[in-house]
Each structure stands twice: as structure tokens, then as C-alpha cells.
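A quick write-up on the structure given underneath.
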Amino acid sequence: MNLYALLPLLAVIAYIALITVIALRPLERVHKVFIWYMAVSALWSFCSFVLHAELFPTQTLLWNRALLILGCSAGLLFYHFVRAFFNKPAGKVTYLGYVILVAAAIFVSQGGILQSSYVVDGVLYWETDVSFYPLVVFSAIFVGMAIALLVQGIRHSTDPQERNRIGYLLAAISIWILFALTNFVPALANYSVDHIGNIAFALVISYTMLRYHLLDVRLVVRRGLAYSALLIILLAIYAGVILIEFNFFPEHPLHVIILLVASVAVLLFAAARPLRHLIVGLVDRLFHRETYAYRQSLLSFSRRMGGNLSLDEVANEMLPNICKALRLTQAKLLFQEVSSGDFITQFTYPPTEEGVNDQLRFSSDNPISIWLTREGKTISPEQISRIPQLKGLWAAEKEKLAASGLGLLCSIKSRGRLVGILALGKKQEGGIYSHEDINLVTSTANQAGIVIENAQLYTQATTRANTDGLTGLYNHRHFHERLEQEIARGSRFGTMFSLIMLDIDLFKTYNDIYGHLAGDQILRKLGELLKESIRSLDMAFRYGGEEFTIILPETRIDDAYNEAERIRKRVERKMTSKAMPLTISLGVGTWPTDGVTKEDIIASTDAAMYRAKQTGRNRTHLSSDVAKPEAPLAGGVTPAQRGALSVIYALAATVDAKDHYTYGHSKKVSEYAVNLAEALRLPAERIVTLQAAALLHDIGKIGVPDSILNKQAPLTESEWAPIKEHPQLGAEILRHVVDLINCLPAILHHHEHYNGTGYPEGLKGEDIPLEARILAIADAYDAITSLRPYRQCLSSREALAELKRCAGSQFDPELVDIFSTLIEPTYTKELEIK
């Protein structure tokens with residue numbers, strides 16, 4: 001047997017093996033037609049084997065005639081198979097084709113078409129007359145009709161898996177056509193090259209028939225191109241090295257050549273893996289173009305977001321990337337509502353226009369929710385009507401889904417539980433989801449499952465910690481947190497906000513008459529009314545007892561008053577209970593007009609609320625309407641002094657807000673400085689001055705660009721220049737505030753060094769004001785024990801060691817010793833706790 005007979009023989013063995021594998025499975029019509037196709041192909045390969053092996057040299061013409069008819073039947077058989085694949089009857093055209101094929105077989109057997117045939121050294125030579133070409137056209141027509149059916153199917157199908165299967169069939173017929181054309185190439189026509197294409201064709205079709213979950217055909221094509229390119233590059237390099245060696249260094253002995261060739265092979269083997277990654281990336285980038293980066297971002301979703309506990313950040317990372325990667329019109333994330341258990345839209349990309357209600361809602365017992373929980377797959381609106389379990393949907397639900405513009409629903413599960421639903425819109429420009437798109441969506445949803453569940457658990461825990469159990473509103477602790485945040489935001493961006501405080505009138509009397517259970521019902525109902533009455537950006541809190549507060553961001557006092565009046569009237573109208581009318585009294589204040597500090601704005605708004613109660617209840621009063629007597633307050637602090645203190649806190653908040661890494665730095669420096677001053681037994685007046693100076697010691701950083709303050713690396717010499725000017729700028733700013741004149745020496749000189757090498761004036765030793773020396777130690781200690789973007793923080797023990805190392809050069813050594821005695825007990829206690 002010669003080499004030319006080997007390929008047909010291998011093809012026969014392959015066909016028999018495939019027929020056996022398929023025949024052992026439950027057979028449907030499409031399987032039977034495909035077995036018929038492979039049986040004919042096996043006979044065709046067997047005829048070719050007989051001819052090339054010269055088993056019957058005297059009957060060459062007979063076997064060649066059989067080979068010709070069997071080969072020309074391939075197009076008709078493939079068309080018959082495609083019709084069976086789409087579950088269509090064979091049809092009149094198919095039967096007519098079989099009739100024509102039988103007539104052609106009779107014509108060939110009588111000596112038509114094939115004129116001569118002979119084999120020389122295993123190579124087949126044959127000649128035909130012009131009647132051969134109609135037979136070729138006959139086969140080509142059926143191949144063309146089969147391709148037309150496949151193209152039509154892929155255009156009209158909305159099922160990604162079906163489209164992917166059709167893609168495999170198109171790829172298979174493309175391979176078959178490519179190798180069939182070798183029969184018309186003179187240099188290849190007499191060999192058995194076309195058997196390679198037939199085997200590949202049969203293998204691809206068999207894979208398509210036997211596997212339910214197929215690799216995406218476009219992924220297979222891309223990987224095929226990438227690995228082919230890799231193989232060509234490696235072989236080219238290897239061959240190039242060998243050619244260079246033999247052409248330019250022929251004098252090298254054999255052992256040197258062998259060593260060189262082996263070394264190159266080892267190097268290429270080592271380089272193959274990184275080179276493969278590079279080529280695969282380049283091919284993927286070529287195919288996906290502008291969507292490549294977004295697809296890669298989705299593939300690495302869990303690695304990047306695994307430790308994230310914010311649902312907002314998870315959604316903001318997931319939805320834009322998936323929209324841009326797949327070119328979608330919209331994407332939504334639906335999570336379970338705590339109160340109802342329904343899955344409702346909580347995040348949308350792109351954000352919907354104001355006033356547009358396109359929210360999706362699926363109850364937990366909705367057939368779609370149940371199906372997604374059980375199957376854990378994707379589903380399109382078109383598939384819903386074909387799934388028996390989903391036929392129980394109401395017509396109104398189906399209409400709403402159709403009108404929503406949805407293209408795909410995907411379950412997001414974690415530990416077998418449905419934690420969310422990913423609702424994707426239709427593709428831009430009328431595109432259809434491919435099998436690869438579905439795989440990408442499913443992969444992203446699988447990665448997101450555990451991330452979303454962890455974020456939900458964290459959110460629920462945080463919500464419980466910040467929520468009042470009776471009313472469902474935020475609690476007292478969270479009120480103070482949000483108020484501080486609003487003050488910090490207002491200080492940084494120059495915005496204002498308003499605060500409403502309200503109290504239920506005669507609530508104690510109601511409790512005494514009807515009991516505390518009835519009182520709890522009133523509090524619960526008022527909480528619901530407040531949630532229904534405020535805007536989405538407003539926040540309502542239960543302050544304590546029957547007192548409630550509302551923070552209204554970026555709201556002027558007159559708008560806040562109108563909001564308060566609207567709430568008061570609604571409560572009066574809806575809260576009458578047990579024949580006893582229930583009303584509320586409200587106070588309204590605004591930041592910073594009615595107070596700069598948290599304590600001031602609360603006190604002024606609270607005073608307005610009590611003024612409303614004192615003047616008859618069931619009314620709203622503004623903080624500005626309440627008289628503020630100039631009498632001394634608790635602790636001997638007058639309102640004028642309180643005003644100066646408010647200015648101090650506002651300026652300190654402005655400085656801290658410029659850099660989130662140093663947020664709260666001024667307050668901690670103030671605490672350290674006051675503790676050291678008290679240990680020195682300084683007079684109370686000097687301690688108050690030092691406290692104010694510490695709060696404002698960095699006020700000059702207002703003039704330093706944010707890019708320098710927030711830089712993630714050490715500063716350059718030019719960037720240090722504005723930093724070194726901040727003490728002078730701070731002193732210049734505060735020089736115009738009469739109440740802060742005494743703070744200027746400490747602020748101006750807190751960066752002077754004890755040995756005279758500091759700035760701005762290079763003062764030395766006792767020439768540096770005492771308050772500035774105290775402030776230098778407090779400032780340095782807090783700085784080195786706090787995290788910065790360009791370095792790690794030191795422990796208390798390490799920080800004290802650093803201060804002692806610099807005592808006498810940068811810091812006053814006596815003050816360092818005293819400060820150490822204050823701090824050492826603190827970290828000793830921390831060590832005992834650990």
C-alpha cells in the first residue's frame with residue numbers, strides 16, 4: 001500500500017467510527033440522514049482507497065465511475081441533511097435530485113462522462129467529456145441551496161445556541177468546499193487531498209450533533225488563527241536559525257550544530273507560552289476592536305471586585321462595561337426588596353431620564369423568577385413563549401416585558417440562591433446576541449454572584465446598624481454621621497443644606513390615654529409618612545422619642561420651609577387617630593447661616609422647633625425667627641465667642657476636606673497639643689489660644705493645589721515650595737480675624753526647627769514661641785502615625801522613638817520628654833489589650 005491510499009483508508013475508518021458513535025445514541029431524523037451521508041462518504045473513500053492501492057487493476061474504470069457518482073452525490077446529501085437539521089421535510093426538490101442522481105449513475109455506467117481511467121504508482125489519472133460539468137453544476141446547486149438555508153436560519157434565529165450550531169455547519173461546509181476545489185487544481189487533482197476536508201467536515205458535523213454545549217464558533221476561529229500564527233512563527237524562527245547555521249557557518253562540527261538546534265528548540269518552547277498570550281490578545285483585539293478592553297474587564301471582574309462591599313461600586317463597574325462590551329442599549333440590575341421580597345430595578349445604565357418609569361419588578365413567585373432560580377441560565381423574551389414552565393405568565397406581564405425593550409435576562413446566583421437578576425436591553429443597530437455574548441454574560445454573572453451577596457450582606461448589616469427598628473428611618477447615630485458629612489461637603493464645595501426638626505404635639509398625653517403600643521403605631525405611621533413625603537436625596541431620621549429630623553442637601557431656607565409646611569399639613573390630614581387629632585411642630589435651620597458647627601445647627605433648629613411648640617403647636621418656625629440674646633452661655637462662653645469658635649471649626653473643616661488622607665488631622669493635632677499644654681500647666685487662656693491655633697495650623701494649605709496635596713509619591717523640590725509657604729499664607733489669612741490674632745505666632749512658626757534649620761524664618765531654640773514648639777510635636781506625631789498615600793504609618797512606639805531621635809535638632813527635647821510620658825501609657829494599654 002502506498003501513501004496515496006493511506007488517506008482514503010484513514011477516512012473510511014473515521015467514517016465507520018463516527019457512524020458507530022452516532023448509531024449508539026437515540027436516533028432522530030437528523031441523525032439518520034447524517035448517518036446516510038457518512039455511509040455514502042465511507043463508500044466514496046473506500047472506492048478511492050481501492051483505486052490508489054491498485055487492488056483491482058483490471059477494474060479501474062468501474063471503481064472510478066462509482067467514485068465519480070458517489071462524490072457528486074455529496075451536495076445533494078448535505079442539502080438533505082440541512083433540511084432535516086431545521087426539521088423540514090425532504091421536499092420535492094430533494095427527491096427530484098435523487099432521481100437525477102440515479103439517472104446520472106445509469107448514464108455513467110453505460111460509458112458516459114468518464115472516458116478513461118488508470119493508476120500509475122498509486123496516482124489516479126482520469127479523463128471526462130463535457131457532460132461532466134452539468135454533474136458538477138448539479139452538485140453545486142444543492143450545496144448552494146444548503147448554504148442559503150443555513151444563512152436564512154442564522155438570520156432569523158434568536159436562539160444563540162442554535163445560531164452557534166448553524167455557524168459550525170457553515171464552517172464545516174466551507175472546509176468541504178475548500179478541499180473539494182483541489183480536484184480542479186492540476187497539481188492536486190490526482191491525489192487524495194480532498195479526503196482531509198471530508199474527514200474534517202464529518203468531525204465538525206459530528207461534534208455539532210453530539211455536544212449540547214458547543215464552544216462558540218467565532219472563538220474557535222480566533223483560537224485557530226492564533227495558534228496557526230504561533231506555529232508558523234515558531235517554525236519560521238526555527239527554520240531560519242537552521243538555514244543561517246548551514247549557510248553562514250558550514251565549518252561548525254556536527255555536535256555544535258546539534259547543540260545549537262537543541263538550544264533553539266528549548267528557547268522556542270520556553271517562549272511559546274508568553275508568545276501565545278501575546279498573539280491571542282492581538283487576534284482578540286483585532287476581532288473585538290473597541291470592545292476588547294471592556295470584555296477583558298468583565299473577564300477579570302471577580303479578581304478586581306472580589307473585596308468590594310459596595311453595591312453601588314459593583315453596579316458602576318459591571319453595567320457600563322457590559323453595555324459597552326456587547327453594544328447594548330441598556331442594562332439593569334434587579335435586587336430583592338427587603339419589605340416585599342420582589343426583585344426590582346435598583347441600578348440602570350445608562351441612567352433613565354427624570355420622570356421616566358421603566359422599573360422592572362418580578363415577584364419571588366413569578367414563573368420567571370422561579371425558572372431563573374432553578375435553571376440558572378439566560379432567557380430571552382422570545383424564548384419565554386416556548387418554555388412550558390413560563391406559559392403561566394399573565395398577558396399583561398408579557399406585554400410589559402415586550403414593551404421594556406429587554407433582550408436577555410440572566411440569573412445571578414450564589415450558593416444556589418438567586419441574589420439578583422441582570423436584565424439586558426437589545427443590541428444596538430438591531431444586532432442579535434451571539435453564543436459568545438451569552439457565555440460572557442453568564443461568566444460575568446457567575447463571578448458577580450458571590451461579590452453581590454457579600455455586598456448585600458454588608459449593606460444589610462450597615463442598614464440595620466443605621467436604622468431605627470420601630471420606624472424604619474435612620475437612627476440617631478447615623479444622623480450625626482450624615483450631618484458631619486454634609487458639613488464637610490459644604491465646606492469643601494461651598495454648598496448649603498437645611499435641617500428640619502419636628503416633634504409630635506402632646507404625644508405624652510396620647511401615650512397616657514391609649515398606651516405605648518398605640519404610641520408605637522403612631523411613630524411607625526409617621527415614619528412611613530416622612531419617607532413618602534421627602535425627595536430621594538433627602539434623609540429622614542428618628543432623633544429620639546417622638547422627635548424626628550430631616551436633612552435636605554443643597555436646599556435653601558425658603559424651600560426647606562415650604563417642604564416643612566407640606567409635611568405638617570399632610571401629617572395633620574392623615575394622622576388623626578382615635579378621635580384625637582395628631583399634629584407636629586417643626587423648626588427649620590440652614591447651614592452655615594444658622595450655625596457652622598454641628599452643635600450650632602442642631603441647637604438653632606431645635607430652638608426653632610420649641611418656639612413653634614411654645615407659640616401654639618402645629619406650626620413651623622425658622623431658626624432666624626428665634627431671638628438670640630447676648631447673655632453668657634454655659635461655661636461662660638458668650639454668643640460672640642461662640643461665633644468666633646464657629647469660624648474656627650468651619651475653616652478647619654475646609655482644610656481637612658481638601659485632602660481625604662488627612663481628614664480629621666487638625667482635630668487630632670489640637671487634642672495632642674492641648675494635652676501637652678495642660679501637662680505644662682499653661683494658663684487657660686493660652687490653652688484656648690493653642691487649641692484654636694492647632695485647629696487652624698494648616699489653613700494656609702488652602703492655597704496649595706490639590707494635585708500636590710493628593711500626590712501619590714514624594715514631592716519634588718518645586719512642589720515643596722508652595723508647601724513651605726503655607727504657614728505664612730495661613731498667618732496672612734487669619735491676620736484679619738480679630739478673635740484669632742493671638743494664634744498667629746504658633747501658626748506662623750510651627751515648622752521652625754529647634755536647631756534653626758526650619759522655615760519660614762529659621763528661628764532657633766527658645767526664640768521659637770512655646771505654642772509653636774508644642775504644635776510642631778503634636779503635628780509631627782499625628783502625621784507619622786497616620787496613613788499617607790506615599791508611605792505606611794508608624795506605631796505609637798516607633799513614632800515616639802522618631803521624636804526622641806529628632807529631639808534637639810527638630811523638636812524641643814524637654815517637650816518631647818513630657819509628650820512621651822503622656823503617650824506611653826496609651827500604647828502600653830493597647831499592647832495589654834492585644
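The values are calculated or read from the model by the stated rules, or taken from the named source; none is laboratory data. Since the structure is predicted, the reported quantities are computational estimates derived from the model, not experimental observations. Here the Cβ is made from the backbone with ideal geometry for all residues, glycine too, and neighbour counts use every protein chain on show. These accessible areas exclude ligands, DNA and RNA; they are computed on the full protein's heavy atoms, side chains included. Shrake-Rupley method; radii C 1.70, N 1.55, O 1.52, S 1.80 Å.
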Problem - Unique match (being farther than 30 Å from residue 217 by Cβ, in a helix (DSSP H, G or I), at pLDDT 90 or above and of a type outside the set (S, T, N, Q)) among 141, 106, 147 - result: 106
Completion exercise
Per the list (1) out of contact with any strand residue (DSSP E or B) (no Cβ under 9 Å at 6 or more places or on another chain); (2) assigned to a helix (DSSP H, G or I), residue check on residue 307 breaks on (2)
Handout entry: residue 733 vs. criteria open to solvent by 50 Å² or more (accessible area, probe 1.4 Å) and within 39 Å of the chain's Cα centre (by Cα)
Key = no
Completion exercise
Restricted to region 481-491 and to residues being of a type outside the set (Asp, Glu) and surrounded by 14 or more Cβ atoms within 10 Å (Cβ to Cβ), the residue nearest to residue 338 (Cα to Cα) is 482
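Can you tell which of 464, 477, 542, 482 is at pLDDT below 90 and charged (D, E, K, R)?
Sole residue among the options that is at pLDDT below 90 and charged (D, E, K, R): 464.
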Completion exercise
Condition set touching a helix residue (DSSP H, G or I) at 6+ places or on another chain (Cβ under 8 Å) and open to solvent by 10 Å² or more (accessible area, probe 1.4 Å), scope region 321-342, selection modelled with the lowest pLDDT: answer is 338
Exercise for the section: Give the residue that is farthest from the chain's Cα centre (by Cα), with candidates limited to residues of region 702-724 that are open to solvent by less than 50 Å² (accessible area, probe 1.4 Å) and under 17 Å from residue 752 (Cα atoms). Expected result: 721
Exercise for the section: Could you check how many residues of region 118-134 are outside any strand (DSSP E or B) and without any contact (Cβ under 8 Å) to a residue 12 or more places away in the chain? Expected result: 3
Problem - Selected residue [over 30 Å from residue 442 (Cα atoms) and assigned by TED's automatic domain parsing to the domain that holds residue 179] from 151, 137 - result: 137
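For residue 368, are the conditions met, namely being open to solvent by less than 10 Å² (accessible area, probe 1.4 Å) and of a type outside the set (Gly, Ala, Ser)?
Yes.
Listed here are the residues, each with its yes/no results for (1) out of contact with any His (no Cβ under 7 Å at 6 or more places or on another chain); (2) buried (at least 21 other Cβ atoms within 10 Å of the Cβ); (3) closer than 28 Å to residue 221 by Cβ.
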site	(1), (2), (3)
372	yes, yes, no
401	yes, no, no
405	yes, no, no
410	yes, yes, yes
419	yes, yes, no
448	yes, yes, no
458	yes, no, no
475	yes, no, no
Exercise for the section: Could you tell me whether residue 279 is at negative phi, of a type outside the set (D, E, K, R), open to solvent by 80 Å² or more (accessible area, probe 1.4 Å) and not assigned by TED's automatic domain parsing to the domain that holds residue 440? Expected result: no
Exercise for the section: Please work out if residue 114 is open to solvent by less than 80 Å² (accessible area, probe 1.4 Å), under 30 Å from residue 82 (Cβ atoms) and touching a Lys or Arg at 6+ places or on another chain (Cβ under 9 Å). Expected result: yes
Handout entry: Among the candidates 56, 81, residue that is under 26 Å from residue 170 (Cβ atoms) and either at pLDDT 90 or above or in contact with a Leu (Cβ under 9 Å, 6 or more places away or on another chain) (or both)
Key = 81
Exercise for the section: Please give the number of the condition residue 756 fails out of (1) buried (at least 16 other Cβ atoms within 10 Å of the Cβ); (2) in a loop (DSSP other than H, G, I, E, B); (3) not hydroxyl-bearing (Ser, Thr, Tyr). Expected result: (1)
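Results for (1) assigned to a helix (DSSP H, G or I); (2) surrounded by 14 or more Cβ atoms within 10 Å (Cβ to Cβ), shown as yes or no for each residue.
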residue: 38; (1), (2): yes, yes
residue: 43; (1), (2): yes, yes
residue: 55; (1), (2): no, no
residue: 63; (1), (2): yes, yes
residue: 79; (1), (2): yes, yes
residue: 89; (1), (2): no, no
residue: 92; (1), (2): yes, no
residue: 97; (1), (2): yes, yes
Practice task
Only residues in region 334-348 that are closer than 20 Å to residue 371 by Cβ count as the first member; pair them with residues that are open to solvent by less than 50 Å² (accessible area, probe 1.4 Å) and among the hydroxyl-bearing types (Ser, Thr, Tyr), Cβ under 6 angstrom, at least 6 apart or cross-chain, and list the lot.
Solution key: 334/345; 342/363
Problem - Residue identified as of a type outside the set (Val, Ile, Thr) and over 39 Å from the mean Cα position of the chain (by Cα) among 288, 252, 277 - result: 252
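Would you point out the residue of region 693-746, among those that are part of a helix (DSSP H, G or I) and among the β-branched types (Val, Ile, Thr), that is nearest to residue 668 (Cα to Cα)?
Across region 693-746, the extreme among qualifying residues is 699.
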Handout entry: Matching residues, region 381-399, being open to solvent by 40 Å² or more (accessible area, probe 1.4 Å) and aliphatic (A, V, I, L, M)
Key = 395, 396
Problem - Output for region 154-164, where each listed residue is open to solvent by less than 30 Å² (accessible area, probe 1.4 Å) and either outside the structural domain of residue 93 (by TED's automatic domain parsing) or not in a helix (DSSP H, G or I) (or both) - result: 157
Practice task
Identify all residues within region 1-32 that are surrounded by 19 or more Cβ atoms within 10 Å (Cβ to Cβ) and under 23 Å from residue 79 (Cα atoms); write none if there are none.
Solution key: 11, 12, 14, 15, 18, 19
Handout entry: Boolean, residue 219 is without any contact (Cβ under 8 Å) to a residue 12 or more places away in the chain, open to solvent by 40 Å² or more (accessible area, probe 1.4 Å) and assigned to a helix (DSSP H, G or I)
Key = no
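Here's the yes/no breakdown for (1) part of a strand (DSSP E or B); (2) more than 18 Å from residue 467 (Cα to Cα); (3) open to solvent by less than 50 Å² (accessible area, probe 1.4 Å):
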{"site": "509", "(1), (2), (3)": "no, yes, no"}
{"site": "520", "(1), (2), (3)": "no, no, no"}
{"site": "529", "(1), (2), (3)": "no, no, yes"}
{"site": "532", "(1), (2), (3)": "no, no, no"}
{"site": "537", "(1), (2), (3)": "no, no, no"}
{"site": "568", "(1), (2), (3)": "no, yes, yes"}
{"site": "573", "(1), (2), (3)": "no, yes, no"}
{"site": "586", "(1), (2), (3)": "yes, yes, yes"}
Practice task
Could you tell me whether region 544-562 includes any residue that is assigned to a helix (DSSP H, G or I), open to solvent by less than 10 Å² (accessible area, probe 1.4 Å) and outside the structural domain of residue 339 (by TED's automatic domain parsing)?
Solution key: yes
Problem - Residue in region 800-809 that is without any contact (Cβ under 8 Å) to a residue 60 or more places away in the chain and closer than 19 Å to residue 698 by Cβ present - result: no
Practice task
Would you mention how many residues in region 343-364 are farther than 19 Å from residue 427 by Cα, out of contact with any Leu (no Cβ under 7 Å at 6 or more places or on another chain), modelled with pLDDT of 85 or more and open to solvent by 40 Å² or more (accessible area, probe 1.4 Å)?
Solution key: 1
